[in-house]
Amino acid sequence: MPEGAGAADRRVLLRRLGWTALAVGVAATAVLVSPLVVPLPGPAPATPPPSSAGPSSVVSPPVVTSPVLVVPPVVTLTAAAPPGAPPPPSPPAPATSSRPVAFQSITVHAADPANIRTGARVIECASCRGGSRVGYIGGPNILAIRVAGVPTAGTRTLTIVYETEEPRTLKVAVNDATAQTRLLSGAASLLIPATTSVEVFVPAGDSWIRFFNDTGDAPDINEIVLS
């Protein structure tokens, strides 16, 4: 064989051996290195079958219901009273402060028919209050004026309207109480009224106020005001 042909065959042999070694190296690398795992896309969502109502039907989405918290009602138990037991007492009424009622003044004319005149007489007098007065009081003659409907007992102011021409003594007593004595001068005329006041205790209800002078003449009495 010529020398040139032998050299060519050796080169071809070496080239084949090189490719074989390269293939073996690649295979060994594939065995040693784990292959890369690429996730495949998941399966597509299943499409629900069409409704039998036809293509125009609309499929409603599912309704999600939230849980509802149910609070049980509060029940109050009241113990029943045993048969025959008396009912429970009612609660006391709230205390209320009450103010004393103001005393309303009481006016009585001396010639009122309800009064008692023992020996005393009614005298017409145009200038007197009410057009008349009661005179001839003194000695055994007494005028008792009735005061009715006094709401509460207490000390009251007794205003006496009288007439006299000269100083005269007048005694005043409520019911059977001790008499109070006043020396009255007046206006020096039986036609001009004058006034005087005394403090007297008057019980509740009806009372009699007596006017007298057991030692002489008393002034004429026209009217009284209890306040």
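None of the figures in this text is laboratory data; all of them are computed from the coordinates on show. Please read all numbers here as calculations on a predicted model, not as lab measurements. Neighbour counts are summed over all protein chains in view; Cβ atoms, including those assigned to glycine, are modelled from backbone coordinates with ideal geometry.
For the stretch 106-226, the Cβ-based charge dipole about the Cα centre amounts to some 140 debye (Lys, Arg positive; Asp, Glu negative; other atoms uncharged). Placing a label point 7 Å from the Cα of S227 along the Cα-to-Cβ direction, the residues of the stretch 188-208 with a backbone N closer than 20 Å are 193-203. Summing Lys and Arg as +1 and Asp and Glu as -1 over all other residues whose Cβ lies under 14 Å from the Cβ of R168 gives a net charge of -3. For the stretch 106-226, relative contact order (Cα pairs under 8 Å, six or more residues apart, normalised by length) works out to 38 percent.
Annotation: amide H of A110 within the under-5 Å range of E223, I224, sequence separation 5 or more or interchain, hydrogens built in the peptide plane. Counting Lys and Arg as +1 and Asp and Glu as -1 over every other residue whose Cβ lies under 9 Å from the Cβ of R133, the net charge comes to -3.
Between the stretch 147-194 and the stretch 105-134, the C-alpha centres lie 13 angstrom from each other.
When each of the peptides 129-138, 174-183, 102-111 is scored by how many other beta carbons lie within 10 Å of its residues on average, the order from highest to lowest is 129-138, 102-111, 174-183. Spin-label model, T157 to L191: label points 7 Å out along the Cα-to-beta-carbon direction sit 3.1 nm apart.
Taking each residue as 0.36 nm, the span from Y136 to D214 lengthens on full extension beyond its C-alpha to C-alpha distance by 26.8 nm.
With θ taken as phi - 60° and the Karplus curve 6.51 cos²θ - 1.76 cosθ + 1.60 applied, the whole-hertz 3J(HN,Hα) list for the stretch 149-155 is x, 6, x, 9, 6, x, 7 Hz, x standing for glycine and proline.
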